[in-house]
């Protein structure tokens, strides 16, 4: 019975797709499952948060937003969040581009090692990985001890790498590095090695080759990587919560407001701020890509 | 810019190994200033490796490489002042034609206010004036090739390096560009090393040809030397069509006894290191009636039966079945009807001067 029902449904769907696949209806049909999931799990909750953020005792108003804007503390948290995200993005680019380049150009063995080394940490749960950093960066941890040996700080005044923005940045840089490496690797694969050789032959040194050939040609991949790292970074919760201590970012602050002070209105307003920043960055990225003439746009387009 | 002679290249025992694989084995030759040298050979012969070593893309494993009297081993790629033209052209897709050319000019000390004029000049040289603002993707293959050439010569390199530059083009375009390139090369008087697997290209364009096979240099010589006086069987076979007779060379070097039992007069004044074979080009042979016998200058002869007649146009090719196997004979078509037909008993004749002994060892060069 149910077998026959399933078959008839699947038949109808596939015939609908083959009939309409080329048209607008067919496209929407193919998108429908994903859209339904996003609608139910992302857009509706977001709308709910939006409603919470503007519903006050005095009716609909922007009072919570006003409260945030007027409060220097929230401003400092917002600024810190964006600053951390920017620094993480820049560091991940500085680390990720050479890694991606070495993986693509450095031969099969090196490439494989880099890909595995970049991917492997993703198989370890985020919380566990972050506690790993907690141990490494804490007082008497490996990193602090090495730094002391190298002459940074002393045994009694160890460098403070935990419970501050430094800790958050170190953690996020590591967690988000793959999101920078893989889009750049993908695009570097499309750039023939001969472009670099031609540029060197025409008198460009390695930096010149990077600046004038590799950078412009890999811009779509770099932008995609930066977008992924930045958006993930401003929204990150686990890493700042564990490594930041009392140093708050928007995500940890929002959680705190919801769970401890139970102020849903204020928390929702802060959450909406985060959404607005992310949407602005994504829209900016897509504009830039359209202007550059590239038809990229896919990556991160549906946040 | 300067009038002094430049662009003298000297490979001295240059070898290149990749792990256990040997790409080039002890290559030694010189390229004179302003000379056009073709590196000719089948793929895997090591020609491109020699070019890439000079450009600085690869390091030598052994030997030394001199450019204008200086060992360039330690000189980084971007300071070698060589102009490379890639088979794929490697034009920068995000830059216009002008920007591609300026890229090299800016990095080779051309003053900013002369860039535009220089770009125009080199584009005129390759008949592409007016194309400065196009993107490479909007150009045809032949136009891209010419832009790549213009970009390379624009910086006035000491040596122009061309790696199968016409390899991706169809035959008609290739023929036309061969003429253009040789004209440009002699106008600019620029030392040129040209890698190709196309023997016609090498014969028509180059002053001298370096024939390579499996990492070794087989022979170095002018196109006519390479064609008429090949040292090795490989060279004879690779360049043009060839008839080979197996057999023994007499100790005095005056007679070659073929396996088919024919004694052929030859003139060979050395003791060969490799295994000798007799080699004659098809167009250097003639046909006569079998009974006529061979006398006079064309006194070498083998007899056989015409097995196939191919009308080629300006020539006719005869395949003659002889005791020494099939022999190809090319005859000019001076008359409308062929004098010989399939099944005719004929004598294949040729002169002593066209009887060459080749071996399988490049060391047997005179």
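Just so it is clear, none of the values below were taken in a lab; they were calculated from the coordinates. Worth saying up front: this structure is predicted, and the values here are computed from it rather than measured. Here the Cβ is made from the backbone with ideal geometry for all residues, glycine too, and neighbour counts use every protein chain on show.
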Suppose we look only past 19 Å in the calculated P(r) of the range B:154-223. What percent of the Cα-Cα pairs does that tail hold?
34
Would you mind checking the range A:223-238 for residues with the amide N under 12 Å from a putative spin-label position 7 Å along Cα→C-beta of residue A:134?
A:238
Cα shape, the range B:1-143, gyration tensor, a/c 1.5 rule:
prolate
For chain A, calculated [θ]222 nm from helices alone, where every DSSP H run of n ≥ 4 adds -39500 (n - 2.57)
-23500 deg cm²/dmol
Expressed in µm² per second, the diffusion coefficient of the range A:1-90 from the Stokes-Einstein equation, with Rh the Kirkwood radius over alpha carbon pairs, at 4 °C and 1.567 mPa s, is 72
In degrees between 0 and 90, to the nearest 10, how far off the longest principal axis of chain B does helix B:141-154 point, with axes built from Cα atoms?
60
Pick from A:147, A:177, A:30 the residue whose mean-square fluctuation is largest in a GNM of chain A, springs joining Cα atoms under 10 Å.
A:30
Once you sort the root eigenvalues of the Cα gyration tensor of the protein assembly as shown as a ≥ b ≥ c, which label holds: rounded (a/c under 1.5), prolate (a/b larger than b/c) or oblate (the other case)?
prolate
I need the Debye-formula profile for the range A:49-158: one equal scatterer per C-alpha, no solvent, reported as log10 I(q)/I(0) at q = 0.12, 0.16 1/Å, two decimals.
-0.80, -1.02
Please give the peptides B:242-251, B:350-359, A:258-267 ranked by average Cβ packing (other Cβ atoms within 10 Å per residue), highest first, as a rough proxy for protection.
B:350-359, B:242-251, A:258-267
Average beta-carbon neighbours from other chains, 10 Å sphere, peptide B:149-162
1
Considering only A:100, A:63, A:198, give the residue with the highest GNM mean-square fluctuation for chain A, with springs between Cα atoms whenever their separation is below 10 Å.
A:198
For the range A:218-258 (alpha-carbon point model, no solvent) the Debye-based log₁₀ I(q)/I(0) at q = 0.16 Å⁻¹ works out to -0.48
Compute the Rg/Rh shape ratio of the range B:131-191: radius of gyration over Kirkwood radius, all on alpha-carbon atoms.
0.96
Estimated inter-spin distance, residue B:315 and residue A:56, nm [label 7 Å along Cα→Cβ]
9.9
Could you state the per residue volume, in Å³, of the convex hull enclosing the Cα atoms of the range B:233-359?
104
The range A:1-45 versus the range A:184-260: alpha-carbon centroid distance in Å
35
Using only the alpha carbon atoms of chain A, find the Kirkwood hydrodynamic radius as the inverse mean reciprocal pair distance, in angstroms to one decimal.
22.7
How many percent of DSSP beta bridges within chain B run antiparallel, rounded to 5?
75
With just the Cα atoms defining each centre, how far is the range A:66-104 from the range B:225-279? Give it in Å.
77
Given the options A:167, A:66, A:225, which has the most mean-square fluctuation in a GNM of chain A, springs set between C-alpha atoms less than 10 angstrom apart?
A:66
Scaled radius of gyration (Cα, divided by 2.2 N^0.38 Å) that the range B:1-81 gives:
1.10
Whole-number value, in Å³ per residue, for the convex hull of the alpha carbons of the range B:65-216 is 132
Based on DSSP H runs of at least 4 residues, each adding -39500 (n - 2.57), what is the mean residue ellipticity at 222 nm of chain B after dividing by all its residues, to the nearest 500 deg cm²/dmol?
-6500 deg cm²/dmol
Backbone N under 13 Å from the residue A:95 label point (7 Å along Cα→Cβ), restricted to the range A:237-255
none
Semi-axes in Å, largest first, for chain B (Cα gyration tensor, √(5λ)) are 46, 25, 15
If eta is 0.890 mPa s and T is 25 °C, what Stokes-Einstein diffusion coefficient results for the range B:322-362, Kirkwood Rh from Cα pairs, in µm²/s?
183
